[in-house]
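Report on the structure given below.
The values are calculated or read from the model by the stated rules, or taken from the named source; none is laboratory data. Model, not experiment: these values are computed from the prediction. Every residue, glycine among them, receives a Cβ derived from its backbone with ideal geometry; neighbour counts consider all protein chains shown.
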Amino acid sequence: MNNASYPKFKLGDQLTPEQIAFFNKNGFIHFSGVASPQEVADIIRSTEDIQSKWIREGVKKINGVPIKFGIDENNKTIVHRFCFTSQYCEPVHAFVNSQRVKALKVLMPDGARIAENEKDGVVFNHYVNTDNSNFRQMGWHTDSMRDIFYGKKIMPMLNVGLYLDDSSSDKGGLRIIPGTHKQNLFSMLFKKAYFMNNEEDKNEMLVDAKAGDMVVHDGRIWHRVAMSPHKGAASRRRVMYIPVILGKYQPKDDGSPTPLYHHFQKLVR
C-alpha cells in the first residue's frame with residue numbers, strides 16, 4: 001500500500017465492515033470531511049480564547065500535565081500543546097461527544113470510553129516552524145508506551161485525530177508505519193528510539209489530510225510528525241487528538257502528579 005492507493009472513507013453513524021477490516025489490517029483509517037468548516041473555525045477560536053487565558057493567568061499545568069509553550073512567527077507566546085482541552089472549550093466538548101466519535105468505539109473491545117478527564121484528556125497540538133518554536137516535529141513513538149510509564153498493562157486504545165488545517169508534506173505531516181500495531185512488545189519498546197529518532201523509514205506512509213478530516217490510529221502503531229520545509233504561517237499544523245481507552249477508570253484532578261513520560265516531551269522540538 002502506498003500514498004497513491006490508500007483509501008479515504010466517509011464516516012456515517014456506523015462504520016461499515018470494509019472500514020473495520022481496513023483499520024484492523026493497517027492500524028489506521030482516514031475519514032474525509034468529518035467536521036464542517038464552521039466547526040473547525042469554532043474549535044480554533046475556542047482554543048485561541050483559552051490560550052489567551054492560560055498565558056494571561058500564568059497557568060503551567062492542568063491536572064498535573066504540563067502545558068507546552070513556544071513562540072510563533074510573530075514572536076508571540078503561544079500554546080503548542082494543550083491538554084484536557086474539552087474541559088475548557090465547549091465546541092471541542094461538543095465534537096468529542098458527537099455520534100461521529102462514539103461510532104468509532106466499534107474498533108475497540110466492549111467497554112471502551114472517551115477519556116476526557118483521564119491520561120492527558122483531549123490534546124490539541126499546534127505545530128509551527130520558527131527559529132524559536134518548541135514544537136516543529138515529533139520523533140517516532142507509539143501512544144501505548146504511556147501505559148508502561150503508568151505501571152499498567154498495555155491496553156488497546158485509539159487516538160482520534162481531527163485536523164484543523166490542511167496537512168501534507170508541506171506541513172511536515174503525520175507519518176505512520178501501517179501494520180505495526182500488530183508488533184510484539186519487544187518491537188514496541190525497542191524498534192526505535194522514542195522521540196529522538198526523526199529519520200525517514202522506508203515503510204512509512206504520509207497521511208495527507210484536509211481541515212475537517214479525521215484520522216484514527218491504533219495506540220500501538222509507530223508514527224511521527226515530520227518538520228515542515230517552510231517557516232512561519234505556511235508551516236502551521238493544528239490537530240486535536242481524542243483518546244478512546246479501556247481499563248480501570250482513573251480520572252485526573254488538580255492534585256494529580258506529573259506522569260513520568262512527560263519528561264520525554266522536552267525532546268520534542
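All of (1) part of a helix (DSSP H, G or I); (2) more than 19 Å from Asn159 (Cβ to Cβ); (3) among the β-branched types (Val, Ile, Thr) hold for Val101 with one exception: (2).
Cβ-Cβ below 9 Å, separation at least six or inter-chain, first residue in segment 73-89 and of a type in the set (Asp, Glu), second in a loop (DSSP other than H, G, I, E, B): which pairs? Partner pairs satisfying both residue conditions: Glu73/Thr130; Glu73/Ser133; Glu73/Lys231. Checked against (1) of a type in the set (Asp, Glu); (2) in contact with a strand residue (DSSP E or B) (Cβ under 6 Å, 6 or more places away or on another chain); (3) free of Cβ contacts under 8 Å to residues at least 12 places away in the same chain, Glu48 passes all but condition (2). Counting the residues of segment 241-269 that are exposed (fewer than 13 other Cβ atoms within 10 Å of the Cβ), modelled with pLDDT of 65 or more and charged (D, E, K, R) gives 3.
Of Val92, Val65, Val122, Val101, all but one fail to be aliphatic (A, V, I, L, M), buried (at least 18 other Cβ atoms within 10 Å of the Cβ), closer than 23 Å to Tyr194 by Cβ and under 15 Å from the mean Cα position of the chain (by Cα); the exception is Val122.
Every residue, every condition in (1) at pLDDT below 90; (2) touching a helix residue (DSSP H, G or I) at 6+ places or on another chain (Cβ under 9 Å); (3) surrounded by fewer than 19 Cβ atoms within 10 Å (Cβ to Cβ), yes or no:
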site	(1), (2), (3)
Gly139	no, yes, no
Met145	yes, yes, yes
Ile148	yes, yes, yes
Gly151	yes, no, yes
Leu162	no, yes, no
Arg175	no, no, no
Thr180	no, yes, no
Gln183	no, no, yes
Ser187	yes, yes, yes
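If we keep just the residues of segment 168-223 that are outside any helix (DSSP H, G or I) and hydroxyl-bearing (Ser, Thr, Tyr), which is nearest to Leu104 (Cα to Cα)? Within segment 168-223, the match that is nearest to Leu104 (Cα to Cα) is Ser168.
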